[in-house]
Amino acid sequence: MIDQDKEEEIVCRCEDVSLKEILEAIDKGYTTLDQLKRYLRIGMGHCQGRTCMRLVAGILARRLGKKLDEIEWPTVRPPVLPVEIAKLAEVKTDD
Ligand code: FES
């Protein structure tokens with residue numbers, strides 16, 4: 001759990017986002033995890049939010065006076081990896 005008195009504490013280490021920045025964004029009207037993600041890039045770093053997203057959800061819930069299960073989780077997209085054309089050409093079909 002994050003101490004609300006330590007606003008300079010970094011919550012998203014990958015994107016270097018502090019508790020203070022998150023609280024300010026919520027107060028500006030970014031009141032969903034998706035909005036915070038797009039505005040501050042939380043959850044878009046190397047760990048893809050595995051480290052910070054639950055923490056941010058808790059911060060958001062407390063700031064809005066909601067329960068954690070009332071917070072909607074952001075859209076998750078699977079990672080996309082480039083595939084060589086030669087690999088696709090190797091795929092055998094039943095034809
Ligand atoms: S700690 Fe936030 S994306 Fe990794």
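Computed from the coordinates by the stated procedures, all read-outs in this text should not be read as laboratory data. This one's a predicted model, so the numbers in the text were calculated from it and none came from an experiment. All Cβ positions, glycine included, derive from the backbone under ideal geometry; neighbour counts span all protein chains shown.
Show me 15-23, 82-90 ranked by packing, highest mean number of other Cβ atoms within 10 Å first.
Result, highest mean first: 15-23, 82-90.
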Notebook entry, point to check: How large are Rg and Dmax for region 10-89 when only the alpha carbon atoms are used, in Å?
Noted result: 15.3, 55
Margin query: Going by amide H atoms built from the backbone, whose H comes under 5 Å of the H on C12, apart from near neighbours?
Written below: V17
Item checked: Relative packing of 63-74, 29-40, which averages over residues the other C-beta atoms within 10 Å, highest first -> 29-40, 63-74
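Which ordering of V76, V11 is given by a fewest-first count of other beta-carbon atoms within 10 Å?
Working: V76 9, V11 23.
So the residues, fewest neighbours to most, are V76, V11.
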Next item on the list: Mind giving me the FRET efficiency for R38 and V91? R0 is 25 Å, r the Cβ-Cβ distance, nearest 0.05 is fine.
Entry: 0.10
